[in-house]
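A.B. asks: This is the structure, below, for whatever I ask next.
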Amino acid sequence: MRPFTLFLPKPMLPMGDRPILSHVISWAAKEGMTEVVIATAYLGKIIEDFFNDGSDYEVKITYARSKRPLSSGGQLKTVEGLVDGTFVLSYSDIITDTPIDPVLRFHSEKRAKVTIVARRIEIPLRFGELKTDVDGELLSWEEKPVIRSLINAGIFVMEPEVFKFIKEGEVISMDEVVRRIAGDGLPVYVYESKSTFVDVADQESYEKANEEFGKVLGNV
């Protein structure tokens, strides 16, 4: 996301009339969450100075600080002493209007340790896809096929047991953490959401998201 993030952490980039993270916290408050923990690292003081204690959003905000980036899974470890019981995790660059209560019910009914909120996407290929047998003989030719896939939407419901799968100070991604949990035999489930998600992954998606934001999620 450089050069945008040279002086601002990614969650503080503007989306519409306010930072991306402001939309995330507003969503949490709208969904009935009263306590928010923000894990900070790079330029974290900018985030703290902007949101303070969360009173402007009618939530209580606590900060978990790390001196260096630990990737998504490692940053999760920093909040271990600040959560008690089932909790909702959201990436800081995801804007959505998805209701959380159905996800919580699903998580409880499945007795899951981790529930991953997912969404379906369709990606059209620019080229024709050729399928062959082992000898190279053509079996089919589909021009510009559409790939359909279920992907991580950046929101999770978790139980505190997840923290034991992350070492203190470890740099680890969230997918690696979840694979550890599932590999240990603990139940991990996927909840498919039909809601709208704006995912600010890179510079191209950020620019596109800003263009679409007013049309799609102006009421979030």
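A.B. asks: Residues to consider are 172, 116; find the one that is surrounded by 11 or more Cβ atoms within 10 Å (Cβ to Cβ), out of contact with any Ser or Thr (no Cβ under 9 Å at 6 or more places or on another chain), at pLDDT 95 or above and among the aliphatic types (A, V, I, L, M).
C.D. replies: Numbers: 172 fails: out of contact with any Ser or Thr (no Cβ under 9 Å at 6 or more places or on another chain).
After applying the criteria, what remains is 116.
A.B. asks: Still on this structure: Looking at residue 62, is it out of contact with any Pro (no Cβ under 9 Å at 6 or more places or on another chain) and either buried (at least 19 other Cβ atoms within 10 Å of the Cβ) or not small (Gly, Ala, Ser) (or both)? Full working, then the answer.
C.D. replies: Numbers: out of contact with any Pro (no Cβ under 9 Å at 6 or more places or on another chain): yes; either buried (at least 19 other Cβ atoms within 10 Å of the Cβ) or not small (Gly, Ala, Ser) (or both): yes.
Against the criterion (out of contact with any Pro (no Cβ under 9 Å at 6 or more places or on another chain) and either buried (at least 19 other Cβ atoms within 10 Å of the Cβ) or not small (Gly, Ala, Ser) (or both)), residue 62 qualifies.
A.B. asks: Also, I was wondering about something else. Report whether or not residue 77 is of a type in the set (Lys, Arg) and without any contact (Cβ under 8 Å) to a residue 40 or more places away in the chain. Lay out the reasoning, then the answer.
C.D. replies: On the way: of a type in the set (Lys, Arg): yes; without any contact (Cβ under 8 Å) to a residue 40 or more places away in the chain: no.
Considered against the rule, which asks whether it is of a type in the set (Lys, Arg) and without any contact (Cβ under 8 Å) to a residue 40 or more places away in the chain, residue 77 comes out as no.
A.B. asks: Restricting to region 99-145, what's the tally of residues that are within 29 Å of residue 189 (Cα to Cα) and in a strand (DSSP E or B)?
C.D. replies: 11
A.B. asks: In region 104-113, what residues are surrounded by fewer than 20 Cβ atoms within 10 Å (Cβ to Cβ) and among the hydrophobic types (A, V, I, L, M, F, W, C)? Give the derivation first.
C.D. replies: Initial filter on region 104-113 (surrounded by fewer than 20 Cβ atoms within 10 Å (Cβ to Cβ)): 104-106, 108-111.
Selection gives 104, 106.
A.B. asks: A further question on this structure: In this structure, is residue 101 exposed (fewer than 15 other Cβ atoms within 10 Å of the Cβ) and either closer than 23 Å to residue 198 by Cα or not aromatic (Phe, Trp, Tyr) (or both)?
C.D. replies: Numbers: exposed (fewer than 15 other Cβ atoms within 10 Å of the Cβ): yes; either closer than 23 Å to residue 198 by Cα or not aromatic (Phe, Trp, Tyr) (or both): yes.
So residue 101 passes the test.
A.B. asks: Filter region 18-65 down to the residues that are closer than 24 Å to residue 99 by Cβ, of a type in the set (Asp, Glu) and without any contact (Cβ under 8 Å) to a residue 40 or more places away in the chain and list them by number.
C.D. replies: Those that are closer than 24 Å to residue 99 by Cβ, of a type in the set (Asp, Glu) and without any contact (Cβ under 8 Å) to a residue 40 or more places away in the chain: 35, 56, 58.
A.B. asks: In addition: Being out of contact with any Lys or Arg (no Cβ under 8 Å at 6 or more places or on another chain) and in a loop (DSSP other than H, G, I, E, B) is the filter here; which residues of region 170-193 pass it? Talk me through it step by step, then tell me what you get.
C.D. replies: Step one: filter region 170-193 for residues out of contact with any Lys or Arg (no Cβ under 8 Å at 6 or more places or on another chain), giving 171-180, 182-185, 190-191.
Matches in region 170-193: 171, 172, 173, 184, 185.
A.B. asks: Residue by residue through region 10-42, note down the ones that are crowded, with 16+ Cβ neighbours inside 10 Å and either at pLDDT below 85 or among the basic types (Lys, Arg) (or both).
C.D. replies: Selection gives 10, 15, 16.
A.B. asks: Quick one: would you say residue 92 is part of a loop (DSSP other than H, G, I, E, B), among the small types (Gly, Ala, Ser) and under 22 Å from residue 162 (Cα atoms)? Don't jump to the end; show me each part of the working.
C.D. replies: Details: part of a loop (DSSP other than H, G, I, E, B): yes; among the small types (Gly, Ala, Ser): yes; under 22 Å from residue 162 (Cα atoms): yes.
Yes: the conditions hold for residue 92.
A.B. asks: Can you tell me which residue is modelled with the highest pLDDT among those in region 183-220 that are more than 20 Å from residue 149 (Cα to Cα) and either of a type in the set (Val, Ile, Thr) or surrounded by 15 or more Cβ atoms within 10 Å (Cβ to Cβ) (or both)?
C.D. replies: Ranking the candidates gives 186 first.
A.B. asks: Pull out all pairs, ordered by first then second residue, where Cβ-Cβ is under 6 Å, the residues are six or more apart or on different chains, the first lies in region 88-102 and is within 14 Å of residue 38 (Cβ to Cβ) and charged (D, E, K, R), and the second is at pLDDT below 95 and part of a loop (DSSP other than H, G, I, E, B).
C.D. replies: Matching pairs, first to second residue: 93/200.
The values are calculated or read from the model by the stated rules, or taken from the named source; none is laboratory data. Keep in mind that this is a model prediction, so the values were computed, not measured. No Cβ is skipped: glycine too gets one built from the backbone with ideal geometry, and neighbour counts run over all protein chains shown.
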